[in-house]
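Report on the structure given below.
The values are calculated or read from the model by the stated rules, or taken from the named source; none is laboratory data. All of these numbers come straight from a predicted model, not from anything done at the bench. When we count neighbours, we look across all protein chains shown, and the Cβ atoms used for this are built from the backbone with ideal geometry, even at glycine.
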Amino acid sequence: MPEPDTSHDRSRSHRPPSDELVLAAIERAALHRARDTPAVPVWSIIEHLGLSRRSAGARQVRIRLEQMTAAGDLYSRRNRGVVTWELTGAGRRRLSAARLSGQGQPLPESPQNLAWRRAQTAAACEVERFRRELGDRLGAALDLLAADPPAHSDRWLALGEHLHRDTRRLASAMHCLHEWSEPHDDRSDIDDHSEPGDERLETSERARVRARRVGRRNLHLWDNDPGDVD
């Protein structure tokens, strides 16, 4: 994949993002949230600008949002107690004009593309270890099957927890590495747990299959260790 544009990242600590870049961030944040409203909260705007929430740049963005709302480029409202912003017609025209004139700055890498890239890297680093540890666990299961006298049921229950963890994290790594396509900036990349061919399954089976896919992009679950099995 091409390297993300970092020229904006290097300079954003020295000057606040332009109004046009803030407008572009709001537009992209709305697309990627996949909600029924184009309104987005400030934390999402700051995230799409590649800024830390507590940075000086983020504080400048909050000030600019109020100023741009007063100028008519943005519309602000509360959504369930959270202040959100969306582009007005004037704001969209201003953003389009900047792009047509070639003056629009590129946004930094989107949060969803960053998540995909990090998952790809992590999966590539860990998949062989996951394979090896699952193989070792399956060997332990074979040893328990051959045990004489038979192994205590507690050993089997504990091993089952490990096998469940090991198979799920290997499946997650394989999905991240081979099945999760690089996101596009023009649409949301939210995992709906569906795959081509699901429509051929019976309704109950389709529900079970999709339920098993929940969390397959959650790298934090890779660290969930049920404990040691002797």
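Quick look at the numbers
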read-out	value
Yes/no for R165 being out of contact with any Gly (no Cβ under 6 Å at 6 or more places or on another chain) and free of Cβ contacts under 8 Å to residues at least 24 places away in the same chain	no
Residue within region 95-116 that is of a type in the set (S, T, N, Q) and either touching a Gly at 6+ places or on another chain (Cβ under 6 Å) or surrounded by fewer than 11 Cβ atoms within 10 Å (Cβ to Cβ) (or both) present	yes
Matching residues, region 57-77, being more than 24 Å from R93 (Cα to Cα) and either loosely packed, with under 11 Cβ neighbours inside 10 Å or in contact (Cβ under 8 Å) with a residue 24 or more places away in the chain (or both)	G57
Residue count, region 81-109 (criterion: of a type outside the set (S, T, N, Q) and part of a loop (DSSP other than H, G, I, E, B))	7
Selected residue [in contact with a Leu (Cβ under 8 Å, 6 or more places away or on another chain), outside any helix (DSSP H, G or I), of a type outside the set (S, T, N, Q) and assigned by TED's automatic domain parsing to the domain that holds Q120] from R137, R169, R155, R187	R187
Every residue from region 79-91 that is more than 25 Å from the chain's Cα centre (by Cα) and either loosely packed, with under 14 Cβ neighbours inside 10 Å or without any contact (Cβ under 8 Å) to a residue 24 or more places away in the chain (or both)	T88, G89, A90
Where a residue in region 134-149 is in contact (Cβ under 8 Å) with a residue 40 or more places away in the chain and farther than 24 Å from W222 by Cα and its partner, wherever it lies, is among the basic types (K, R) and surrounded by 11 or more Cβ atoms within 10 Å (Cβ to Cβ), with Cβ under 7 Å and at least six apart	none
Subset tally (residues that are closer than 23 Å to N113 by Cβ and either outside any loop (DSSP other than H, G, I, E, B) or not polar (S, T, N, Q) (or both)) for region 190-203	6
Hits in region 140-151 (condition: in contact with a helix residue (DSSP H, G or I) (Cβ under 9 Å, 6 or more places away or on another chain) and assigned to a helix (DSSP H, G or I))	A140, A141, L144
S44 being at pLDDT below 80 and either outside any helix (DSSP H, G or I) or within 25 Å of D191 (Cβ to Cβ) (or both)	no
Options A140, A207, A119; residue that is modelled with pLDDT of 95 or more and more than 23 Å from A34 (Cα to Cα)	A140
Region 152-170, residues that are surrounded by fewer than 15 Cβ atoms within 10 Å (Cβ to Cβ) and either touching a helix residue (DSSP H, G or I) at 6+ places or on another chain (Cβ under 6 Å) or within 16 Å of E126 (Cα to Cα) (or both)	T167
